[in-house]
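> This is the structure I have questions about; it appears just below.
The values are calculated or read from the model by the stated rules, or taken from the named source; none is laboratory data. Worth saying up front: this structure is predicted, and the values here are computed from it rather than measured. Every residue, glycine as well, gets a Cβ built from its backbone with ideal geometry; the counts of neighbours run over all protein chains shown. Areas reflect the complete protein model, heavy atoms only, side chains present, ligands, DNA and RNA absent. Shrake-Rupley method; radii C 1.70, N 1.55, O 1.52, S 1.80 Å.
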Amino acid sequence: MNMNTEIVSVGSILPPAFLGLTIISVVIFGRIFCGMVCPLGLLQSLIHKIPFPIKIKTFKADKYFRLIKYIGLAVMIVSGILSAVGILPATNEESSRPSYGVIIGAILFLAAVIIQRPFCKYFCVVGAAMSLGNKISLYKYRIDRGLCIECNKCTKACKMDIIPYGKQNESECIRCGLCKKVCPRKAIVTGFGLGNKQNK
């Protein structure tokens, strides 16, 4: 076996191996990849630190914009199935249309300055797929209602601008742990075997 053959063999093994490890991590930890590992998420958080007169936490259409990534995921799954069965022809031809990558990148950059993690919230289909794991993962977040005073410190710290003490194990949660870190009452408990039940 020559060097080129070995490289091809390794290259063919890595994608399914990475996919397998990703699925395992989602089943065990939920969407923790988004909060702890994803370099694009970190980049957006760094960009958001750039001083700018306008900083937006949320807006009226926010919850509808968050559906975009789930719609994109559904379209990808359906088109992939249709291509696999031959209903939708697959093509590897490069598009003759002009590339809008620079323009899209500039828009996302500006959006990240104003809004915390806009790509994660609205467009990342990988995050959308992983978010489904928050409900089934072995690792859970649980709110101790006896300790929580709803001071909103966790809400202010949240990178995804959700309310951590509201709907626990929310699909939008990226498991970064900031809410737990800033909680003055230690009301947010994380670990295995916690289930979805809240402490009363």
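> Please state which of the following conditions Cys154 fails to meet, knowing it meets all the rest: (1) more than 26 Å from Ala129 (Cβ to Cβ); (2) open to solvent by less than 30 Å² (accessible area, probe 1.4 Å).
For Cys154, the exception is condition (1).
> Which residues, taken from region 15-32, are in contact with a strand residue (DSSP E or B) (Cβ under 7 Å, 6 or more places away or on another chain) and hydrophobic (A, V, I, L, M, F, W, C)?
The first filter runs over region 15-32 and keeps only residues in contact with a strand residue (DSSP E or B) (Cβ under 7 Å, 6 or more places away or on another chain), leaving 28-30.
Matches in region 15-32: Ile28, Phe29.
> So, one more: Quick check on Gly191: is it open to solvent by less than 20 Å² (accessible area, probe 1.4 Å), more than 18 Å from the chain's Cα centre (by Cα) and of a type outside the set (S, T, N, Q)?
Details: open to solvent by less than 20 Å² (accessible area, probe 1.4 Å): yes; more than 18 Å from the chain's Cα centre (by Cα): yes; of a type outside the set (S, T, N, Q): yes.
So Gly191 fits the description; yes.
> Right, next: Between a residue in region 35-57 that is outside any loop (DSSP other than H, G, I, E, B) and any residue that is exposed (fewer than 13 other Cβ atoms within 10 Å of the Cβ), which pairs come within a Cβ distance under 7 Å, given they are 6 or more apart or on different chains?
That search, which allows pairs on different chains as well, returns nothing.
> Suppose we filter region 177-188 for residues that are open to solvent by 30 Å² or more (accessible area, probe 1.4 Å), touching a Cys at 6+ places or on another chain (Cβ under 9 Å) and in a loop (DSSP other than H, G, I, E, B); how many remain?
Looking only at that region, the number is 2.
> Give region 123-142 a look and list any residue that's closer than 17 Å to Gln44 by Cα and open to solvent by 10 Å² or more (accessible area, probe 1.4 Å), or say none.
Scanning region 123-142 gives Phe123, Cys124, Val125, Val126.
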